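Heads up: the structure comes next, in structure tokens.
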Amino acid sequence: MKQILYGGTVMTRDPACPMVADGAVVFDETAILAVGKADTLRAQHPDAAPIDARGGIILPGFLNAHHHIYSAFARGLSIPGNNPVDFVGVLEGTWWNIDRHLTRDMTRMSAYMTLIESIRSGVTTVFDHHASFCEIEGSLDEIAQAATELGVRACLCYEISDRDGAEKARQSVLENERFERVCREDHSGLLAALCGMHASFTISEETMDFARAHTDTGFHIHVCEGAYDRDHCSAHYHETVIERLDRHGILGPDTICGHCVYLTDSDRARLAETGTAVVHNPQSNMGNAVGVTDVRALMRAGVTVGLGTDGFTSDILESIKTSNVLIRHMNQHPSIGFAETMEMAFENNAKLADRRFGDTCGVIRPGARADLIVSDYRPMTPLTGDNINGHITFGMNGRNVTTTICGGRVLMRDRVLTTVDEEKIAYECRTQSEKLWRALGAL
Ligand SMILES: [Zn+2]
């Protein structure tokens, strides 16, 4: 169905025409058809169903390059006796404890909750990294069901790990392989797959080889999120984590390495040579007190660095704000960090999405995917095509988003979700999260 989004200022992220005041976007399910002045386009497309942006700012949908959907149920959770003093303690006490109790029903409802929050904050593409060692097989289908019903793009993977034994590790490899087949047969344009891996320090040599032999796609793995991963690899394999992954054929242009806080110069060079991407997660790194990724060193080496939220929030604007100030703080320089953050959040996240979904994301121009949002942010200083990033970083937040469109389908209009009954889902989420919390001894 042809539709026209009008009545706002279009910020395209297309350098050829960055801003259209009193603009409009004509689109259908396949792509954006036209961008221009509202009066002109409404006259040219009288058959297009109108959507009023109500004076807001029309932007391409945001992208989140690293998320953990299942972390939704940790909100407000306090597990008795869980008082970690380091990052491995956080994993053992909180995340591995949660995922060992996560059923398929819980996974599905956590996906609805997280993806609804993504839609509400204008995120139309999510790269998720999933673990549910209680019920592995079919767990990615539960997330895929929520993504396709809600209408957002989701690149999914299951976190391979030997931490619960060899049999669970084998099942986790096969879940990735199974879901790759599902994606090959899916024509919604909303689903994509990577082969998930937890981190070097919980994956044996045998499991790494088994995973390599059972996938045709790239990998999505945590790399040196904390110093422990680096030290474990050095002690057990006498090499860096990047060297170990390289030895197993894990690196490459389809692979995403999360974090990469502790790398050597030669690690960064090897990532660049192989075209492997890195995703920075600033709030998560600060929250887990693991150190700070040297984003500028990665970029200087020629590595594509994207931006994620790592389960900390579904609002990528929070990561944008944090990344900007964290890079400044780390480098003790008040004039850097902004350009790098914009490159990560917009150019590079779009590159990662283009690679997985095989189309043009993150820009408003004819032929690109019709992933569009409207923000009711009202600028009180001059807004131009050149300073939109400053308004986004210092003025806007996810709650400004009123309307979210993905693949030409309206998912939220004037802050009302159009594809699901949100109250019913919220009730089911509370039911499933209560079950999880009881299993963890927290209720
Ligand atoms: Zn992560």
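Filtered by the rule that a residue be surrounded by 15 or more Cβ atoms within 10 Å (Cβ to Cβ) and not hydrophobic (A, V, I, L, M, F, W, C), the range 365-378 gives 365, 369, 371, 375, 376, 377. Residues in the range 294-327 that are within 16 Å of the ligand (Cβ to nearest atom) and surrounded by fewer than 19 Cβ atoms within 10 Å (Cβ to Cβ): 318 only. Within the set 221, 242, the sole residue that is buried (at least 23 other Cβ atoms within 10 Å of the Cβ), assigned by TED's automatic domain parsing to the domain that holds residue 150 and more than 16 Å from the ligand (Cβ to nearest atom) turns out to be 242. Candidates 275, 291: the one that is open to solvent by 10 Å² or more (accessible area, probe 1.4 Å) and touching a Gly at 6+ places or on another chain (Cβ under 7 Å) is 275.
Of the residues making up the range 1-46, those that are within 28 Å of residue 188 (Cα to Cα) and basic (Lys, Arg) are 2, 13.
Please go through the range 153-168 and give me each residue that is in contact with an Asp or Glu (Cβ under 9 Å, 6 or more places away or on another chain) and either hydroxyl-bearing (Ser, Thr, Tyr) or crowded, with 24+ Cβ neighbours inside 10 Å (or both), ordered by number. Correct list: 153, 154, 155, 156, 157, 158, 159, 160.
Let's see how each residue does on (1) on the phi > 0 side of the Ramachandran plot; (2) within 16 Å of the ligand (Cβ to nearest atom); (3) not β-branched (Val, Ile, Thr):
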{"residue": "87", "(1), (2), (3)": "no, yes, yes"}
{"residue": "119", "(1), (2), (3)": "no, no, no"}
{"residue": "135", "(1), (2), (3)": "no, no, yes"}
{"residue": "142", "(1), (2), (3)": "no, no, yes"}
{"residue": "150", "(1), (2), (3)": "no, no, yes"}
{"residue": "155", "(1), (2), (3)": "no, yes, yes"}
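In summary, helices (runs of 4 or more DSSP H) completely within the range 52-126 and bearing 1 or more residues that are open to solvent by less than 40 Å² (accessible area, probe 1.4 Å) and touching a Gly at 6+ places or on another chain (Cβ under 7 Å) occur at 87-90. The set of residues in the range 127-141 that are among the acidic types (Asp, Glu) and buried (at least 24 other Cβ atoms within 10 Å of the Cβ) contains only 128. Pairs are defined by a Cβ separation below 8 Å, a sequence spacing of at least 6 or placement on different chains, a first member in the range 195-213 that is closer than 13 Å to residue 251 by Cα, and a second member that is surrounded by fewer than 18 Cβ atoms within 10 Å (Cβ to Cβ) and polar (S, T, N, Q); no pair meets this definition.
Every listed requirement among (1) more than 16 Å from the ligand (Cβ to nearest atom); (2) touching a strand residue (DSSP E or B) at 6+ places or on another chain (Cβ under 8 Å); (3) hydrophobic (A, V, I, L, M, F, W, C) is met by residue 210 save one, (2). The selection criterion, being assigned by TED's automatic domain parsing to the domain that holds residue 68, of a type outside the set (Phe, Trp, Tyr), within 15 Å of the ligand (Cβ to nearest atom) and closer than 16 Å to residue 352 by Cα, holds for residue 277.
All told, residue 442 meets the bar of being in a loop (DSSP other than H, G, I, E, B), small (Gly, Ala, Ser), open to solvent by less than 50 Å² (accessible area, probe 1.4 Å) and more than 30 Å from residue 325 (Cα to Cα).
The values are calculated or read from the model by the stated rules, or taken from the named source; none is laboratory data. A quick note: this is a predicted structure, and the numbers were derived from the prediction, not measured. Using ideal geometry, Cβ is built from the backbone for each residue, glycine included, and neighbour counts are taken over all protein chains shown. Ligands, DNA and RNA are stripped out before the accessible areas are found, and what is left, the full protein with its side chains, is counted by its heavy atoms. Shrake-Rupley method; radii C 1.70, N 1.55, O 1.52, S 1.80 Å.
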